[in-house]
1. Quick one: in the stretch 1-34, which of the residues that are under 23 Å from the mean Cα position of the chain (by Cα) and open to solvent by 100 Å² or more (accessible area, probe 1.4 Å) is farthest from Asn71 (Cα to Cα)?
2. Step by step: first the residues of the stretch 117-133, then only those that are open to solvent by less than 30 Å² (accessible area, probe 1.4 Å) and either under 12 Å from the mean Cα position of the chain (by Cα) or of a type in the set (S, T, N, Q) (or both), then the one that is nearest to Asp168 (Cα to Cα). Which residue is that?
3. Sort out which residues of the stretch 134-161 are aliphatic (A, V, I, L, M) and exposed (fewer than 15 other Cβ atoms within 10 Å of the Cβ), and write them in order of number.
4. Please pick out the residue among His43, His38 that is part of a helix (DSSP H, G or I), open to solvent by less than 50 Å² (accessible area, probe 1.4 Å) and at pLDDT below 85.
5. Just to be sure I understand the filter: pairs with C-beta atoms under 6 Å, separated by 6 or more residues or on different chains, first member in the stretch 154-178 and part of a loop (DSSP other than H, G, I, E, B), second member at pLDDT 70 or above and of a type in the set (D, E, K, R). Which pairs pass?
6. Mind checking which residues of the stretch 60-78 are under 26 Å from Tyr44 (Cβ atoms) and open to solvent by 80 Å² or more (accessible area, probe 1.4 Å)?
7. From the residues in the stretch 79-95 that are in a helix (DSSP H, G or I) and touching a residue at least 40 places away in the same chain (Cβ under 8 Å), which one is least open to solvent (accessible area, probe 1.4 Å)?
8. Pairs under 7 Å by beta carbon, first residue in contact (Cβ under 8 Å) with a residue 40 or more places away in the chain and under 21 Å from Cys13 (Cα atoms) in the stretch 24-37, partner surrounded by 14 or more Cβ atoms within 10 Å (Cβ to Cβ) and of a type in the set (S, T, N, Q), six or more apart or different chains?
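The values are calculated or read from the model by the stated rules, or taken from the named source; none is laboratory data. All values derive from a computational prediction rather than experimental measurement. Positions of Cβ are generated from backbone atoms using ideal geometry, with glycine treated the same way; all protein chains shown enter the neighbour counts. Each accessible area value is taken on the protein alone, full model and side chains, heavy atoms only, with ligands, DNA and RNA left out. Shrake-Rupley method; radii C 1.70, N 1.55, O 1.52, S 1.80 Å.
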Amino acid sequence: LQINLGYLCNQVCKHCHLEAGPNRTENMDAVTVHEMGHIYAHHYGTHPWPEQKWLCELIATYLAYTFMKENQPKLADIWKIINDQNADNSDIKHTTLLDFENMYIEVGVENYGWYQAKFQQIAEKIYDKSGVSFIHAMKKSLTDNPEPLKDDPFRLKEMDDIFKGFSDWAKGPAGNLK
């Protein structure tokens with residue numbers, strides 16, 4: 001699987017089908033990088049779809065943020081500002097992982113944006129503490145345990161083993177993500 005995320009390259013090769021080079025600055029936007037994160041996660045074996053929709057979104061968000069942070073730090077900073085503003089939205093109706101799992105995109109545009117902002121905030125914390133090692137630990141966990149435990153349908157305990165704080169993050173005050 002080859003994904004060309006942009007045309008910037010430190011070389012100028014006559015055979016390059018992209019005509020990439022050091023003077024080319026075009027890159028994918030943040031949303032496209034997020035969607036490519038879904039494809040990569042599925043290909044890499046870390047996409048537990050259709051179970052744990054929240055985890056699929058979190059993994060794609062983490063991969064997108066990791067790419068931006070390491071390759072386009074200014075875009076990562078802008079993306080953080082936008083998501084922090086969405087996360088502060090108090091006019092949302094649904095705030096639990098159960099709502100997200102049951103309704104997914106049917107929670108509505110503003111509410112879906114709020115969930116994505118919350119996933120972004122935890123992705124930032126994971127990246128800041130674990131860097132890229134998180135995705136390797138996720139792959140091992142999902143490979144070793146392809147089905148969630150009956151007493152842990154959201155895989156929160158399993159996630160806590162990889163990155164401490166998932167259960168607390170998911171519960172938040174009053175048992176929601178706020």
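1. Leu1
2. Among them, the one singled out is Ile122.
3. Across the stretch 134-161, the qualifying residue is only Leu149.
4. Exactly one of His43, His38 is part of a helix (DSSP H, G or I), open to solvent by less than 50 Å² (accessible area, probe 1.4 Å) and at pLDDT below 85, namely His38.
5. Leu177/Lys118
6. Those that are under 26 Å from Tyr44 (Cβ atoms) and open to solvent by 80 Å² or more (accessible area, probe 1.4 Å): Glu70, Asn71.
7. Among those residues, the one meeting the criterion is Trp79.
8. Asn27/Gln72
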